[in-house]
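Written out below as structure tokens is the structure these notes cover.
The values are calculated or read from the model by the stated rules, or taken from the named source; none is laboratory data. Here the structure is a predicted model, which means the values were calculated and not measured. Reconstructed Cβ throughout: ideal geometry from the backbone, glycine too, with neighbour counts over all protein chains shown. These accessible areas exclude ligands, DNA and RNA; they are computed on the full protein's heavy atoms, side chains included. Shrake-Rupley method; radii C 1.70, N 1.55, O 1.52, S 1.80 Å.
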Amino acid sequence: MAGMDILRRNNVTVTGNPSGPAVVLAHGFGCDQNMWRLTVPALADAYRVVLFDYVGSGRSDLSAFREERYAVLDGYAQDVVEVCEALDLREAVFVGHSVSAMVGVLAARQAPGRVGALVMVAPSPCYIDDDGYRGGFSAQDIDELLASLEANYLGWSAAMAPVIMGNPERPELGEELTNSFCATEPDIARVFARTTFLSDSRGDLKTVDVPTLILECAQDVIAPREVGAFVHAQIPGSTLVTLDATGHCPQLSAPEATNRAITDFLAELR
């Protein structure tokens, strides 16, 4: 696929300083690049900021969605690699939220030299509890979550988005995430949800060989503190920062703290 076709397919937006180092911002399940709107201004003066929508999300080309490709995280990582190739990015900093943190790990492995550093915002390599590992959910929890989503996606979104966002005293945040979830085609959301919540990328963490910042929230029902500690322990030389933030989307609920942590890390790389 030609470069311009890829940029259209993934609704790629490039902003900021055209001569600065590239920073790629990647959204999580049920979201799109608009989730980063409070982060872009903190980066735009010094960095070339690349935003995109995964195929099936936001304003991407929905006709390009193929269930067999996106039933595994490697399919989303391939989107990232193809966007990086289309823009000829070298040593870009990949900032991935939620499941995109693990997509970034896979993309860095697929295309060495394209991704030069990782920022993992509220990451989780595995959502299901295992012997000696706490992911935050039992296998039954995840089965019930996916069954509910598949039976009534709009109802699931209205119930779950405020829980995921947290910050009940700021209902507008939960409403925004609900609207974002509801804007996703239910059949596509079903595939992305199963890919997200059934994935187990714990073994991939040890392959990371680029500078890595892990941002966890003080309270997060989707990615509890034990997960952040696990990711930090598995990635040699990584930095773990606990944000004074509640919920799973600190770039919206605590943008100042999130942006400060990201920009401090970027400054250390330069």
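How many of the residues making up region 110-133 are at pLDDT below 95, under 22 Å from Leu266 (Cβ atoms) and not small (Gly, Ala, Ser)?
Residues meeting the conditions: 1.
I'm trying to understand the selection: among the residues of region 192-208, which are open to solvent by 50 Å² or more (accessible area, probe 1.4 Å) and assigned to a helix (DSSP H, G or I)?
The answer is Arg194, Gly203, Lys206, Thr207.
Please specify each residue of region 199-240 satisfying the condition of being within 17 Å of the chain's Cα centre (by Cα) and among the hydrophobic types (A, V, I, L, M, F, W, C).
Leu205, Val208, Leu213, Ile214, Leu215, Cys217, Val221, Ile222, Ala223, Val227, Val231, Leu240
List, please: which pairs have Cβ atoms under 9 Å, are six or more places apart or on different chains, and start with a residue in region 7-29 that is farther than 20 Å from Val119 by Cα and end with one that is at pLDDT 95 or above and among the basic types (Lys, Arg)?
Sorted first by the residue in region 7-29, then by its partner, the pairs are Asn11/Arg59; Pro18/Arg48; Ser19/Arg48.
Suppose we filter region 107-136 for residues that are more than 25 Å from Pro211 (Cβ to Cβ) and either free of Cβ contacts under 8 Å to residues at least 12 places away in the same chain or among the small types (Gly, Ala, Ser) (or both); how many remain?
6
Conditions tested, residue by residue: (1) at pLDDT 95 or above; (2) open to solvent by less than 10 Å² (accessible area, probe 1.4 Å); (3) farther than 20 Å from Leu25 by Cα; (4) among the hydrophobic types (A, V, I, L, M, F, W, C).
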residue	(1), (2), (3), (4)
Arg190	yes, no, yes, no
Val210	yes, no, no, yes
Ala218	yes, no, yes, yes
Glu226	yes, no, yes, no
Ala233	yes, no, yes, yes
Gly247	yes, yes, no, no
Ala254	yes, no, no, yes
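Which residue is nearest to Glu85 (Cα to Cα), if the candidates are limited to region 107-132 and must be open to solvent by less than 20 Å² (accessible area, probe 1.4 Å) and assigned to a strand (DSSP E or B)?
Val115
Would you call Glu150 open to solvent by 50 Å² or more (accessible area, probe 1.4 Å), within 17 Å of Ala193 (Cα to Cα), of a type in the set (D, E, K, R) and without any contact (Cβ under 8 Å) to a residue 12 or more places away in the chain?
Against the criterion (open to solvent by 50 Å² or more (accessible area, probe 1.4 Å), within 17 Å of Ala193 (Cα to Cα), of a type in the set (D, E, K, R) and without any contact (Cβ under 8 Å) to a residue 12 or more places away in the chain), Glu150 does not qualify.
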